[in-house]
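Asker: Handing you a structure now.
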Amino acid sequence: MKVAGTNPAEKQEPREGIYSSSRLERGLIVLTIALASIGLGYLFFTQLWWKLPPDFGCRDDFTRGGLCFFLQHSVDEADASNTLLKANILESRPGAEVSVPIGWATQLNAAFIENVVQPNIRWFGYVIWGTEAWIFLSMCLGFFSRLGALAAIGMSMQLMIGLAHTPNEWEWSYILMVLLSVAMFGLAPGRYFGLDRLLRPRFRAMGERGSRVGRLLLLFT
């Protein structure tokens with residue numbers, strides 16, 4: 001008696017996407033993810049050099065220039081426009097017919113900068129600079145890439161809330177940073193290239209032995 005589905009000779013359905021049985025398809029996916037990840041990392045790399053420690057490009061006792069300028073700019077423009085994702089559908093009518101209000105977020109962001117970041121810029125600047133440096137290393141080396149992508153989401157969200165709505169800024173440059181960071185968080189690019197491919201088997205073995213640290217490290221890679 002023949003049992004359905006047990007014949008190894010039966011033709012299997014072709015696998016698609018990241019599970020594709022085609023070496024060319026898998027290679028193309030890995031290459032695309034690697035390019036996107038390294039591109040995101042390089043973006044943050046380019047922003048390290050105009051705000052180098054210990055003064056982060058600031059002048060006049062950390063009141064002007066460099067990182068201090070953009071922090072103050074976010075505070076000064078907290079009331080500007082206060083909308084994102086604007087779509088001007090009917091050119092004959094002024095203003096955007098579709099938009100998302102973010103006034104509450106810009107006000108919270110401004111309050112955080114004024115009350116936390118600016119008074120402590122001498123050490124908080126290291127947090128900002130170090131986070132961006134970590135994103136660069138994580139995304140380009142595929143090292144704890146999901147953790148790096150999470151940091152990129154946080155940095156990109158802050159930039160989007162603080163600057164995307166201000167005059168002379170193209171909001172989609174910041175929105176696309178957020179979307180790319182979210183995509184990298186979901187994909188965990190280090191699983192396709194880089195150091196995470198070497199680390200994950202070790203972390204998985206730790207998790208299988210009951211180590212909570214191993215399971216946590218596995219999640220971040």
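The values are calculated or read from the model by the stated rules, or taken from the named source; none is laboratory data. Source: prediction; values computed, not measured. FYI the Cβ positions are ideal-geometry reconstructions off the backbone, even for glycines, and counts take in every protein chain you see.
Asker: How many of the residues in segment 193-209 are buried (at least 18 other Cβ atoms within 10 Å of the Cβ) and either closer than 20 Å to Ile153 by Cα or of a type in the set (Lys, Arg) (or both)?
Answerer: 1
Yes/no matrix, rows are residues, columns are (1) of a type in the set (D, E, K, R); (2) over 30 Å from Gln118 (Cα atoms); (3) surrounded by fewer than 17 Cβ atoms within 10 Å (Cβ to Cβ); (4) modelled with pLDDT of 85 or more:
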position	(1), (2), (3), (4)
Glu10	yes, yes, yes, no
Glu16	yes, yes, yes, no
Gly41	no, no, no, yes
Asp55	yes, no, no, yes
Cys58	no, no, no, yes
Phe62	no, no, no, yes
Leu84	no, no, no, yes
Ile89	no, yes, yes, no
Val100	no, no, yes, yes
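Asker: Sticking with this one: How many of the residues making up segment 67-80 are modelled with pLDDT under 90, small (Gly, Ala, Ser) and either part of a helix (DSSP H, G or I) or surrounded by fewer than 19 Cβ atoms within 10 Å (Cβ to Cβ) (or both)?
Answerer: Of the residues in that region, 1 qualify.
Asker: When only residues in segment 23-68 that are within 15 Å of Glu132 (Cα to Cα) and among the aliphatic types (A, V, I, L, M) count, which is nearest to the chain's Cα centre (by Cα)?
Answerer: So the residue we want is Leu40.
Asker: Would you call Ser181 surrounded by 13 or more Cβ atoms within 10 Å (Cβ to Cβ) and either within 12 Å of the chain's Cα centre (by Cα) or assigned to a helix (DSSP H, G or I) (or both)?
Answerer: yes
Asker: Here's something else I'd like to know. For segment 119-138, indicate whether the set of residues that are in a helix (DSSP H, G or I), of a type in the set (Val, Ile, Thr), farther than 21 Å from Leu52 by Cβ and in contact with a helix residue (DSSP H, G or I) (Cβ under 7 Å, 6 or more places away or on another chain) is non-empty.
Answerer: No, that holds for no residue.
Asker: Just checking, does segment 190-198 include any residue being at pLDDT 95 or above, under 15 Å from the mean Cα position of the chain (by Cα) and within 28 Å of Val100 (Cα to Cα)?
Answerer: no
Asker: Can you confirm whether Ala105 is assigned to a loop (DSSP other than H, G, I, E, B) and either among the hydrophobic types (A, V, I, L, M, F, W, C) or touching a Pro at 6+ places or on another chain (Cβ under 8 Å) (or both)?
Answerer: no
Asker: Just to be sure before I move on: is Gln158 surrounded by 15 or more Cβ atoms within 10 Å (Cβ to Cβ) and either farther than 14 Å from Leu43 by Cβ or in contact with a Gly (Cβ under 7 Å, 6 or more places away or on another chain) (or both) in the structure I sent?
Answerer: Yes: the conditions hold for Gln158.
Asker: Please give the number of the condition Pro167 fails out of (1) assigned to a loop (DSSP other than H, G, I, E, B); (2) more than 30 Å from Arg64 (Cα to Cα); (3) touching a residue at least 40 places away in the same chain (Cβ under 8 Å).
Answerer: (2)
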